[in-house]
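The values are calculated or read from the model by the stated rules, or taken from the named source; none is laboratory data. All figures in this text were calculated on a predicted structure; none of them were measured in a lab. A quick note on method: Cβ atoms are made from the backbone with ideal geometry, for glycine too, and the neighbour counts reach across all protein chains shown. These area figures cover heavy atoms from the full protein model, side chains too; ligands, DNA and RNA do not enter into them. Shrake-Rupley method; radii C 1.70, N 1.55, O 1.52, S 1.80 Å.
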Amino acid sequence: MLSVEEARDKILALVSVLNPEDVPLLEAMGQVLAEDALATFDIPQWDNSAMDGYALRHADIRGARADNTVMLKVIGQVSAGQVSKLQVQPGTAIRIMTGAPIPIGADTVVPFEETDESERTNASNAVNHIGIQAESPKGGSVRPSGEDARVGEKVLAEGSVLRSSELGVLASLGYSNARVIRRPVVAIVSTGDELVAPGVKLEDGKIYDSNSYTIASLVKRYGGVPQIIGIASDNLDSMNDMLNQSLIADLLITSAGVSKGDYDIVKDVLAERGEIAFWSVRMRPAKPLAFGMLRGHKDRSIPHLGLPGNPVSAMVAFEELGRPALLKMLGYSNLEKPTVKAVLEDSIVNFDSRRVYARAIVTRHGDTYFARTTGPQGSNILTSMAKANGLAICPENLPGVGPGETVEVQMLDWDQGGVF
């Protein structure tokens, strides 16, 4: 029986980073930059004002304070998006708005709040002169050219994950598109005669297919492009048809059909159509698993991950083994889930020396995290996943963990219930 790490390593050895593509910035959210982003100009391109105020020469306001106002002549105004043609001379100032280029001759901006402007404007007088009531430091409220980026500088490195901030940086550099590792297309097939699609009237003995939707949504959450192919019946023709429709994808995920039952035909079909290994993994839930390469047309092969059929098992197996594979294909370097150490409030029993991933609700009180299980942990109880924001782990070598003991918890959601 393989450990979780051994199974993951075998899977990662058979998936590769995909080729790059150019996409509009907003579509690149969460993708990985495929090349360095260089600045072709300074950002900002010119010294500019960090405040609404008056651009002036620091030499003219030495000693200025509330009881020693320095009077300067106002010779003009400049707003953001404009460049003043006037030059600040000794004894003069230019009214300036935030973001506007600093006029020639000025080296300091004094904010409105440190002048007598409010008194002058309240009196409905034209502001031809301004009283400076504080000696701002030289260079005060001036953003220097190139403060954010210098021409030729590597601003974002290849391999960077594009979040909102990185997309904003690319936009500030003038990029309208980003060159990124493309998103994997993931074909999803559920198997079993008992399954019907949601929306169809249930007949006796039938159940709705939930796995397609949980797995597809996880694929989408982690950056892939899910394509639900459909439900394969427990016969060779149906399974082969679904596999044929899946061959255009970068990854195939099936659920059910990987155990030892009479109708678990996935393993039989896959054995004929590819190089597929069937494993038992030392984890609970999600012990049975399949992985390998499915042969397609013209010698093209795609990776295939066969998940267990029970809904919780399918989700946990995807989190532990499918998610890392998907992230590698996307070009991510960090494949780990975020974890916290939490004090367990109830018990996790380990009766068969497998690593237990218990569905848990994590809360925080002060600086301490606490975890309690969501109730019955059967792999068929999908609502237990809906209640959970983490997976509390009991290691293989322990018979269990009890109240008050510290456990590692993989976080499924950091913000559920406003806890974090």
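Key figures for this structure:
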| quantity | calculated |
| --- | --- |
| Residues within the range 72-86 that are more than 47 Å from the chain's Cα centre (by Cα) and open to solvent by less than 90 Å² (accessible area, probe 1.4 Å), tallied | 5 |
| Candidates 164, 160, 136, filtered to the one that is farther than 15 Å from residue 70 by Cα, of a type in the set (S, T, N, Q) and in contact with a strand residue (DSSP E or B) (Cβ under 7 Å, 6 or more places away or on another chain) | 160 |
| Strands (runs of 3 or more DSSP E) within the range 284-351 that include 3 or more residues farther than 15 Å from residue 189 by Cα and open to solvent by 10 Å² or more (accessible area, probe 1.4 Å) | 288-295, 339-344 |
| Residue match in the range 356-365 (condition: at pLDDT 95 or above, part of a loop (DSSP other than H, G, I, E, B) and either β-branched (Val, Ile, Thr) or open to solvent by 20 Å² or more (accessible area, probe 1.4 Å) (or both)) | no |
| Selected residue (criterion: modelled with the highest pLDDT) from residues of the range 237-263 that are acidic (Asp, Glu) and under 27 Å from residue 287 (Cβ atoms) | 250 |
| Out of 38, 14, sole residue that is open to solvent by 40 Å² or more (accessible area, probe 1.4 Å) and at pLDDT below 95 | 14 |
| Residue list for the range 375-384, restricted to those being surrounded by fewer than 19 Cβ atoms within 10 Å (Cβ to Cβ) and among the polar types (S, T, N, Q) | 377, 380, 383 |
| Residue 67 vs. criteria in contact with a strand residue (DSSP E or B) (Cβ under 7 Å, 6 or more places away or on another chain) and acidic (Asp, Glu) | no |
| Only one of 103, 44 that is farther than 30 Å from residue 394 by Cβ, surrounded by 21 or more Cβ atoms within 10 Å (Cβ to Cβ) and either touching a residue at least 40 places away in the same chain (Cβ under 8 Å) or not aromatic (Phe, Trp, Tyr) (or both) | 103 |
| Matching residues in the range 54-100 - criterion: being under 18 Å from residue 138 (Cα atoms), of a type in the set (Lys, Arg) and either in contact with a Lys or Arg (Cβ under 7 Å, 6 or more places away or on another chain) or not in a loop (DSSP other than H, G, I, E, B) (or both) | 65, 95 |
| Residue match in the range 24-41 (condition: in contact with a Ser or Thr (Cβ under 6 Å, 6 or more places away or on another chain) and either on the phi > 0 side of the Ramachandran plot or touching a residue at least 60 places away in the same chain (Cβ under 8 Å) (or both)) | yes |
| Residue in the range 93-112 that is among the charged types (D, E, K, R) and under 41 Å from the mean Cα position of the chain (by Cα) present | no |
